[in-house]
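The values are calculated or read from the model by the stated rules, or taken from the named source; none is laboratory data. All figures in this text were calculated on a predicted structure; none of them were measured in a lab. Neighbour counts are summed over all protein chains in view; Cβ atoms, including those assigned to glycine, are modelled from backbone coordinates with ideal geometry. Heavy atoms of the whole protein, side chains included, go into the accessibility calculation; ligands, DNA and RNA do not. Shrake-Rupley method; radii C 1.70, N 1.55, O 1.52, S 1.80 Å.
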Amino acid sequence: MAAIGFLPALGLLIGATLGLNTALSAWSCAFALPLTCLGAFVCWCCRAPRGTLVIVLAGFLAGGAALAVSARDRALNSPARQILDREFGGFLIESIGPPGGHDPLPSRVVLVEDASPRDGFVSLRADVIAVQFRGMWQPAGGGIAISVNGSAAEDRVREWRAGRTIEAPITFRRPTRYLNDGAPDFERDQALDGVTLLGTVKRGFLLDVVKTGAYLSERCSDVREHVRRALKQWIEVHDPISAAIATAVLIGDRTGLPDETREALQAAGTYHVIAISGGNIAILARAPSLVLMVVGVRGRAA
């Protein structure tokens with residue numbers, strides 16, 4: 001009985017994998033479900049347990065595939081993308097490469113991550129909540145990765161925190177698709193990671209924070225900012241890569257990691273150290289510090 005859920009779980013996993021990596025449609029997978037139910041019922045009535053087991057497994061496989069295909073289609077066709085396709089007559093469907101196929105649109109987004117300064121630009125990740133057409137705001141939805149061109153002032157970048165609502169004129173485009181045989185589907189992978197559109201803002205001064213986040217979100221942002229300042233003061237002056245690794249471990253911000261460092265961690269099987277956002281390390285550090293506090297050892301000595 002302990003392994004009774006193994007085969008259904010296996011069927012769901014295999015079906016989800018097929019749904020994400022093939023051209024199956026959600027309707028074809030969903031259509032197979034009643035057929036498998038009927039087949040399992042017939043096998044059960046005919047006292048054929050092995051046939052019943054195989055057909056039930058196929059039913060879970062079809063269900064997993066249907067759910068995966070549906071999730072993939074929803075990710076690729078976010079409300080914001082549908083609105084832009086409708087307004088620009090399919091521009092986003094055909095457009096690849098650099099932005100510029102339309103004038104910047106006043107847009108309202110909620111940041112889901114703190115701003116990440118890069119070489120010559122600032123990277124933002126957000127959810128679109130509204131886009132303005134002909135002077136009227138239209139509700140929208142969907143993840144977007146925004147590049148703010150130019151070097152924005154440091155105090156401005158610190159204002160762009162997760163949970164805050166920002167308005168800016170954004171030029172949209174769809175992620176580039178590489179159609180070479182065997183190449184991964186970058187657009188699909190980005191969509192499954194929560195990004196269905198890419199956007200560009202010409203300058204940092206065009207971004208306005210119109211609403212701060214909830215109380216807890218703002219306090220968490222304060223903690224992350226304190227960690228960044230401390231690491232910049234004490235570690236980055238000695239080794240920027242060490243500071244980037246420490247930032248990833250403590251607050252989960254991996255944007256400062258060079259690609260070669262990221263690949264080395266993955267090859268060594270130690271990428272989880274920076275992927276857990278320091279949670280296990282915080283627990284490990286806090287437990288002995290509490291014990292030491294009980295016995296009277298505090299401060300730097302602890």
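A few remarks follow.
- Odd one out for THR255, checked against (1) among the polar types (S, T, N, Q); (2) in contact with a Gly (Cβ under 7 Å, 6 or more places away or on another chain); (3) assigned to a loop (DSSP other than H, G, I, E, B): (2)
- Taking the stretch 116-133 as the range and being open to solvent by 10 Å² or more (accessible area, probe 1.4 Å), at pLDDT 85 or above and within 19 Å of the chain's Cα centre (by Cα) as the test, the residues that pass are SER123, ARG125, ASP127, ILE129.
- Being of a type outside the set (A, V, I, L, M) and open to solvent by 60 Å² or more (accessible area, probe 1.4 Å) holds for only one residue in THR22, THR17, THR36, THR52, and it is THR17.
- When restricted to residues that are in contact (Cβ under 8 Å) with a residue 60 or more places away in the chain and in contact with a helix residue (DSSP H, G or I) (Cβ under 7 Å, 6 or more places away or on another chain), the stretch 205-246 contains 2.
- Flag for ALA302 being in contact with an Asp or Glu (Cβ under 6 Å, 6 or more places away or on another chain) and surrounded by 13 or more Cβ atoms within 10 Å (Cβ to Cβ): no
- The listed residues are PHE41, PHE60, and the only one of them that is of a type outside the set (A, V, I, L, M), open to solvent by 30 Å² or more (accessible area, probe 1.4 Å), over 22 Å from the mean Cα position of the chain (by Cα) and modelled with pLDDT of 85 or more turns out to be PHE60.
- Any hit, the stretch 177-191, residues being open to solvent by less than 20 Å² (accessible area, probe 1.4 Å) and assigned to a strand (DSSP E or B): no
- VAL157, sole failed condition from (1) of a type outside the set (Asp, Glu); (2) in contact with a helix residue (DSSP H, G or I) (Cβ under 9 Å, 6 or more places away or on another chain); (3) within 27 Å of ASN77 (Cα to Cα): (3)
- Whichever residue in the stretch 140-158 is of a type outside the set (Gly, Ala, Ser) and modelled with pLDDT under 90 and, among such residues, is nearest to ARG228 (Cα to Cα): ARG158
- Against the conditions (1) at pLDDT 90 or above; (2) part of a helix (DSSP H, G or I); (3) loosely packed, with under 13 Cβ neighbours inside 10 Å, HIS238 satisfies every one except (2).
- Note on the stretch 136-170: residues that are touching a Pro at 6+ places or on another chain (Cβ under 9 Å) and either at positive phi or of a type outside the set (S, T, N, Q) (or both) amount to 13.
- Residue list for the stretch 78-91, restricted to those being at pLDDT below 80, surrounded by 15 or more Cβ atoms within 10 Å (Cβ to Cβ) and either touching a strand residue (DSSP E or B) at 6+ places or on another chain (Cβ under 7 Å) or in a loop (DSSP other than H, G, I, E, B) (or both): GLU87, PHE88
- Scanning the stretch 250-296 for residues that are surrounded by 13 or more Cβ atoms within 10 Å (Cβ to Cβ), of a type in the set (Val, Ile, Thr) and more than 19 Å from ARG118 (Cα to Cα) gives VAL273, ILE274, ILE276, ILE281.
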